[in-house]
Amino acid sequence: MPQTRATFAPSPAPANRKTQWRSAALGLAALALAAAGCVQAGLHVDTQDRQPIQIPSLLSRLDDDPAVTNAAEWNARRAPLLRAAFQNRIYGWLPADDGARVTTRRQIATGAYPDARSIEEVTVRLDGAGAPVLFRAVIFLPQSNTATNAPVIIAPNFCGNEAALGFSDSALDHGAWLPSRCRTLANRTITRFIHGQNIIRPPFERLLRAGYAVVTFYPGEIVPDEPMLAAEAIARLPGQDRGPTMGAVGAWAWSISRAVDIVAADARFDHSHVAVFGHSRFGKAALLAAALDERITAVIANQSGRLGAAPSARNVGESLNELSRRFPHWFPIVAQSARENAPNLDQEALLALIAPRAILLGGASLDRWSDPVGSYEGAAATNDVYRLFGGHGLTQSSIETPDYSADIAFFMRPGRHGIRDLDWTAAIAFLDAHRNGTRYAQARP
Ligand code: GCU
């Protein structure tokens, strides 16, 4: 296949330097302001603020469903009931798998990534309600796995594939809608200062060196993160007639499963090691995708917060009202009324739906907004369910001491909300521990 032109972004030309310095200065100022705001707003996480969640065991009677005593009952009765409840009451219904297909495939030069055996861009076709919906994914294969199929990490990106790769390749820029924080170099520089170096570019080099294939795509190409555009885009996707239509978080979760379709149809990947890494809003989507799609064998949800891993029962961090006011297109149901109508349904049940598969949750010391302590408590509440499958769930003795080989691990790092080196260091440690051991493979029903 012919290789298309792709050059790694050159060092900035002198004329650009001024702009870059200006961007950097602006970013630093924004960072200083944001950091000051953090301290003032009391966003430091108090790790002692345990407030254990007062919930009955996830195995006890739920409405008309009697108590669950074994894995077969969980799989046959409780898990389908919970999956339906989350879609009816919070996320809306995701369309059934419509079998996403790759329609075009092209090689991208690997020069900038010596640890890549190949880099491909694929166009994925989804047959929706009207004209087919297309999106692009970029697949990196590691050098180190030429003989065997590679474990894979699916990592949705925030600013499009071109910015994620750091390539200047005109064919990669498909003109998808981008939020303003991604649109110009200055805005992307500020975004990186505030939300971390890896918010825009996952560390592909590190992941390839560690032996992982990576599939990245921009969920905003399918459903933009903007209320009007999101509604129009969701209307173009395949429908379903069971209940409320999904919001953007549901659609992004569905798109993660479409990336899994691509992986599942390709023998170059190790289908027993399919991980998803999602940060914040994509952490919410990654957890939902894993709860509904059992082909995902491990999920890393970094600072996923409200309606991610954080139980809504805890009154810490972002409120449901605030979430639905600022992001009305993310969930189809006014979140607060969802909570009032379904007081028994909380986020630890979403985590439990992923059992016996592996979960890593990430938190940051200046990110009280996403309530890491609550997420840790919620993770501990799933242990009864992991035990049904012969596992243990969350076993670490404190929020600061992750046990990466456990079924669920919690990683807490210093600093603000965002994706930084340490978040990926934890993710790699966790995936390595699960790849080299046989814990979750053995625990599968
Ligand atoms: C906002 C929102 C969070 C979300 C985060 C993100 O802060 O309040 O719920 O997780 O954006 O996606 O970065």
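Bear in mind that the values in this text are calculations on the coordinates, not laboratory data. Keep in mind the model is a prediction, meaning the values are calculated, not measured. Neighbour counts are summed over all protein chains in view; Cβ atoms, including those assigned to glycine, are modelled from backbone coordinates with ideal geometry.
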Practice task
Give a residue-ordered list of calculated ³J(HN,Hα) values for the stretch 404-418 (Karplus: 6.51 cos²θ - 1.76 cosθ + 1.60, θ = phi - 60°; whole Hz; x for Gly, Pro).
Solution key: 5, 8, 6, 4, 10, 10, 10, 10, 10, 10, x, x, 8, 4, x
Completion exercise
Under the Karplus relation with 6.51, -1.76 and 1.60 and θ = phi - 60°, whole-Hz ³J(HN,Hα) for the stretch 237-247, x at Gly and Pro, equal 7, x, x, 7, 10, 9, x, x, 6, 4, x
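Counting helices only, and only those DSSP H runs with n ≥ 4, report the 222 nm mean residue ellipticity of the chain as the sum of -39,500 (n - 2.57) divided by its residues, in deg cm²/dmol to the nearest 500.
Working: 16 runs with 156 residues, N = 445.
One gets -10000 deg cm²/dmol as the mean residue ellipticity at 222 nm.
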Handout entry: For the stretch 102-145, diffusion coefficient by Stokes-Einstein and Kirkwood Rh (Cα), 10 °C, 1.306 mPa s, µm²/s
Key = 136 µm²/s
Exercise for the section: Starting from the Cα-Cα distance between GLU205 and ALA265, subtract it from 0.36 nm times their residue separation and give me the gain in nm to one decimal. Expected result: 19.1 nm
Fill in the blank from the handout: Amide H neighbours of GLY362 at under 5 Å, excluding residues fewer than 5 places away on the same chain, with H built from the backbone geometry, are ALA301, ASN302, GLN303, SER304, PHE411
Handout entry: Model label zone, GLU294; criterion: amide N under 15 Å from point 7 Å along Cα-to-beta-carbon; scope the stretch 252-282
Key = 272
Exercise for the section: Compute the FRET efficiency between ASN75 and ASP127 as 1/(1 + (r/R0)^6), taking r as their Cβ-Cβ distance and R0 = 30 Å, and round to the nearest 0.05. Expected result: 0.50
Problem - Placed amide H near ASP270: partners under 5 Å, 5+ positions off or other chain - result: ALA150, VAL152
Completion exercise
Short to long, in 20 Å steps from zero, the percent of alpha-carbon pairs of the chain per bin is 26, 60, 13, 0
Completion exercise
Any residue on another chain or 5+ positions along whose placed amide H is under 5 Å from the amide H of ALA310 is listed here as GLY305
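Give me the net charge of PRO202's neighbourhood, meaning all other residues with Cβ under 14 Å from the Cβ of PRO202; Lys, Arg count +1, Asp, Glu -1. Let's see the in-between values first.
Values: positive: ARG192, ARG201, ARG206, ARG209, ARG420; negative: ASP115, GLU162, GLU205, ASP421, ASP423.
After counting each charged neighbour, the total is 0.
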Completion exercise
For the chain, whose charge dipole is built from +1 on Lys and Arg Cβ atoms and -1 on Asp and Glu Cβ atoms, the candidate among PRO343, VAL215, HIS271 with its Cα farthest towards the positive end is VAL215
Fill in the blank from the handout: Computed over the chain: longest principal axis from alpha-carbon atoms vs helix 248-264 long axis, angle to nearest 10 degrees, is 70 degrees
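With only Lys, Arg, Asp and Glu charged, each at its Cβ (+1 for the first two, -1 for the last two), find how big the charge dipole of the chain is about the Cα centre; round to the nearest 20 debye.
Values: 44 positive and 41 negative charges, 210 e Å.
I would put it at about 1000 debye.
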Problem - Signed unit charges on C-beta, dipole axis of the chain, positive-most listed residue THR245, GLY283, TRP93 - result: GLY283
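Below 8 Å between Cα atoms, with a sequence gap of 6+, how large is the relative contact order for the chain in percent? Can you show the working numbers first?
On the way: 914 pairs, mean separation 78.8, N = 445.
Across the chain, relative contact order equals 18 percent.
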Practice task
Please turn the phi angles of the stretch 284-299 into ³J(HN,Hα) values with the Karplus equation 6.51 cos²θ - 1.76 cosθ + 1.60 (θ = phi - 60°), one per residue in order, whole Hz, x for glycine and proline.
Solution key: 4, 5, 5, 5, 5, 4, 5, 5, 9, 10, 6, 6, 7, 9, 8, 10
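Would you please give the FRET efficiency between MET228 and ARG106, computed as 1/(1 + (r/R0)^6) with r the Cβ-Cβ distance and R0 = 51 Å, to the nearest 0.05?
Details: r = 33 Å, r/R0 = 0.64.
Efficiency, rounded to the nearest 0.05: 0.95.
Order these peptides, 154-166, 105-117, by their mean beta-carbon neighbour count within 10 angstrom, highest first.
My ranking of the peptides, most packed first, is 154-166, 105-117.
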Problem - Spin-label pair SER57/ALA186, simplified geometry with 7 Å Cα→Cβ offset, distance in nm - result: 6.0 nm
